[in-house]
Amino acid sequence: MTKIVINVCFGGFGLSDEGIARYAELKGITLVGKKSKWAGLDNYFSYWLNGKYWSPSDIARDDPALVATVEQLGEEADGICSALKVVEIPDDVAWQIEEYDGNERVAERHQTWR
């Protein structure tokens with residue numbers, strides 16, 4: 001079975017600072033957090049890897065370190081507007097994440113034409 005992390009509430013995928021720290025630990029990477037103001041949040045951190053901006057949105061949703069982070073931390077891994085869940089699907093399924101206003105689901109990939 002393949003494990004995939006999705007967000008199951010409206011808002012969007014994101015990791016908490018604790019989730020980001022655990023993910024970085026599991027991956028063996030060093031992220032530098034820079035405190036800044038964003039959308040009225042006084043304690044917002046942006047993260048940098050090797051001098052380049054890094055975002056949890058860049059993580060593959062089937063990344064074993066991401067899956068382990070969510071399984072280990074539970075709700076503590078959830079970002080500001082997220083409720084993360086690990087979904088299991090058969091290994092042989094070509095999948096994609098579909099979303100509406102940040103609320104996501106895993107769907108089998110198929111061909112589409114316009």
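For the stretch 75-101, give me each residue that is of a type outside the set (Asp, Glu), farther than 12 Å from Lys3 by Cα, out of contact with any Lys or Arg (no Cβ under 9 Å at 6 or more places or on another chain) and surrounded by 11 or more Cβ atoms within 10 Å (Cβ to Cβ). Before the answer, list the steps.
The first filter runs over the stretch 75-101 and keeps only residues of a type outside the set (Asp, Glu), leaving 77, 79-87, 89-90, 93-97, 100.
Filter again for farther than 12 Å from Lys3 by Cα, leaving 77, 79-84, 94, 96-97, 100.
After this cut, where a residue has to be out of contact with any Lys or Arg (no Cβ under 9 Å at 6 or more places or on another chain) as well, the list is 79-84, 100.
Scanning the stretch 75-101 gives Gly79, Ile80, Cys81, Ser82, Ala83, Leu84.
Only one entry of Pro64, Pro90 meets the criterion of being modelled with pLDDT of 95 or more, farther than 30 Å from Lys35 by Cα, out of contact with any Ser or Thr (no Cβ under 6 Å at 6 or more places or on another chain) and not acidic (Asp, Glu), and that entry is Pro90.
Restricting attention to the stretch 44-57, does a residue exist that is in contact (Cβ under 8 Å) with a residue 24 or more places away in the chain and over 25 Å from Thr2 (Cα atoms)?
Taking the stretch 44-57 first, the residues in contact (Cβ under 8 Å) with a residue 24 or more places away in the chain are 45, 47, 56-57.
From what is left, the residues that are over 25 Å from Thr2 (Cα atoms) are 45, 47.
Yes; the residues of the stretch 44-57 include at least one that is in contact (Cβ under 8 Å) with a residue 24 or more places away in the chain and over 25 Å from Thr2 (Cα atoms).
Inside the stretch 54-70, residues that are loosely packed, with under 15 Cβ neighbours inside 10 Å and either closer than 18 Å to Cys9 by Cβ or not acidic (Asp, Glu) (or both) make up a count of 4. Evaluation of Tyr23 against the conditions (1) at pLDDT below 95; (2) of a type outside the set (Val, Ile, Thr); (3) not in a loop (DSSP other than H, G, I, E, B) shows that the sole unmet condition is (1).
What is the residue count in the stretch 43-60 for residues that are part of a strand (DSSP E or B) and of a type in the set (D, E, K, R)?
Our first condition is that a residue be part of a strand (DSSP E or B); within the stretch 43-60, this holds for 43-49, 52-54.
Applying the additional criterion that residues be of a type in the set (D, E, K, R) yields 52.
Within the stretch 43-60, residues that are part of a strand (DSSP E or B) and of a type in the set (D, E, K, R) number 1.
Of the numbered criteria (1) without any contact (Cβ under 8 Å) to a residue 24 or more places away in the chain; (2) among the charged types (D, E, K, R); (3) in a helix (DSSP H, G or I), the one Lys34 fails is (3). Scanning the stretch 1-20 for residues that are modelled with pLDDT under 95 and of a type in the set (Gly, Ala, Ser), we see that the one that is nearest to the chain's Cα centre (by Cα) is Gly14.
Restricting the search to the stretch 42-63, which residues are touching a Lys or Arg at 6+ places or on another chain (Cβ under 8 Å) and not acidic (Asp, Glu)? Result: Asn43, Tyr44, Phe45, Ser46, Tyr47, Trp48. State yes or no: is Tyr23 among the hydroxyl-bearing types (Ser, Thr, Tyr) and either closer than 15 Å to Glu104 by Cβ or touching a residue at least 24 places away in the same chain (Cβ under 8 Å) (or both)? So Tyr23 fits the description; yes.
The values are calculated or read from the model by the stated rules, or taken from the named source; none is laboratory data. Model, not experiment: these values are computed from the prediction. Ideal geometry is used to build each Cβ from the backbone, glycine not excepted, and the neighbour counts take in all protein chains shown.
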